[in-house]
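**Q** Below is a structure I'd like to ask you about.
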Amino acid sequence: MDNIREFLQQFSPSVSKELERIPRGLWRDAEELRLRVGYPALLVCGGKEYTVSGQALGKIDQNLLNNIINRFLNYSDYAHPQELRSGFIALPGGHRAGFCGQAVIHQGSVATIREVTSINVRFAKEVPQAGRLLWPQLLDAYGRFGHTLIASPPGCGKTTLLRSLIRMLSDQGYNVSVCDERNEISGAGLGGFAFDLGRRTDVMTGCSKEEGMTMMLRSMGPQVICTDEVGTEEEVRALRRAVSAGVILLTTIHAGDLKDLSMGPLGKIIGEGTFFRIVFLSDRPSRGTVTGIWKREAMEVEPCR
């Protein structure tokens with residue numbers, strides 16, 4: 001609840017008051033808060049939707065959404081150019097606010113988004129035991145951890161599982177370097193980290209994943225490098241450099257199955273057999289469900305029972 005309380009402080013007092021009326025039990029299981037022009041706010045918990053009532057949130061208007069985004073940005077568009085172009089903002093506590101509206105095009109690409117019509121806040125969760133049952137299946141016959149990829153569609157618990165595995169690796173003696181581009185893995189803020197990633201974990205924030213990986217390879221002597229949501233060719237090249245340096249990879253990507261992966265940015269290195277394990281997640285019947293594990297020895301996805 002402390003993590004949610006920090007999130008509620010991002011809103012104006014009137015909106016925060018309406019959100020605080022939501023029962024604590026719902027906040028504990030909250031996955032998303034969806035805000036759309038002309039409709040009441042919806043809180044998604046355990047796959048179910050709950051309508052939020054109130055003068056501000058009972059029927060949301062354009063001015064309210066613009067005000068919320070401005071508060072998320074601390075009223076400074078210029079301080080968050082990458083977030084405005086990508087369509088989401090990293091919030092304190094590791095939460096993420098995605099938004100859409102009127103795109104402003106400059107020199108052929110999106111420069112920013114104005115007149116916001118929808119906001120989707122995805123809540124970060126700390127589940128330290130999320131990877132414990134999975135752990136034995138990630139090791140080889142000698143008990144060693146190898147290059148591991150976590151794959152799923154959006155909103156299926158990739159980052160939650162990633163945090164758990166980072167902490168487990170750290171607690172077992174690995175020096176772990178985390179490239180946390182938008183503070184979503186660690187929940188980094190002025191008061192430190194919102195999530196415990198372990199005593200042997202070092203975190204680089206505020207720069208691109210490829211820059212962070214390069215710097216940490218040079219300076220921190222990692223045994224494991226971790227990132228979240230790999231998606232560009234530059235990031236893939238940085239992963240290759242880490243592998244060639246003898247560092248173990250632990251990362252995530254948006255994909256539903258092996259076919260999706262083969263068509264994406266990691267397709268080539270997956271085909272080369274770089275990854276030792278690929279874990280597939282789903283939100284059915286609940287977020288974080290492991291549906292199968294690809295094992296390099298078997299060269300096929302083994303369903304989880």
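The values are calculated or read from the model by the stated rules, or taken from the named source; none is laboratory data. Note that this is a predicted model, so its numbers are computed, not measured. No Cβ is skipped: glycine too gets one built from the backbone with ideal geometry, and neighbour counts run over all protein chains shown.
**Q** If you go through region 206-223 one residue at a time, do you hit one that is in the same structural domain as PHE276 (by TED's automatic domain parsing) and in contact with a Leu (Cβ under 7 Å, 6 or more places away or on another chain)?
**A** No, every residue in region 206-223 fails to be in the same structural domain as PHE276 (by TED's automatic domain parsing) and in contact with a Leu (Cβ under 7 Å, 6 or more places away or on another chain).
**Q** Further, regarding this structure: Checking ARG122 against (1) modelled with pLDDT under 90; (2) closer than 29 Å to THR205 by Cβ, which test does it fail?
**A** Result: ARG122 fails condition (1) only.
**Q** Quick check: anything in region 216-223 of a type in the set (A, V, I, L, M, F, W, C), more than 19 Å from the chain's Cα centre (by Cα) and crowded, with 17+ Cβ neighbours inside 10 Å?
**A** The answer is yes; a qualifying residue exists.
**Q** Quick one: in region 113-146, of everything that is part of a strand (DSSP E or B), free of Cβ contacts under 8 Å to residues at least 40 places away in the same chain and not assigned by TED's automatic domain parsing to the domain that holds VAL176, which residue is nearest to VAL279 (Cα to Cα)?
**A** ILE113
**Q** Which residue is surrounded by the most Cβ atoms within 10 Å (Cβ to Cβ), if the candidates are limited to region 123-146 and must be among the charged types (D, E, K, R) and touching a helix residue (DSSP H, G or I) at 6+ places or on another chain (Cβ under 9 Å)?
**A** For region 123-146, the residue satisfying everything is LYS125.
**Q** If you take the residues in region 204-215 that are surrounded by 20 or more Cβ atoms within 10 Å (Cβ to Cβ) and among the aliphatic types (A, V, I, L, M), which one is nearest to GLU234 (Cα to Cα)?
**A** MET213
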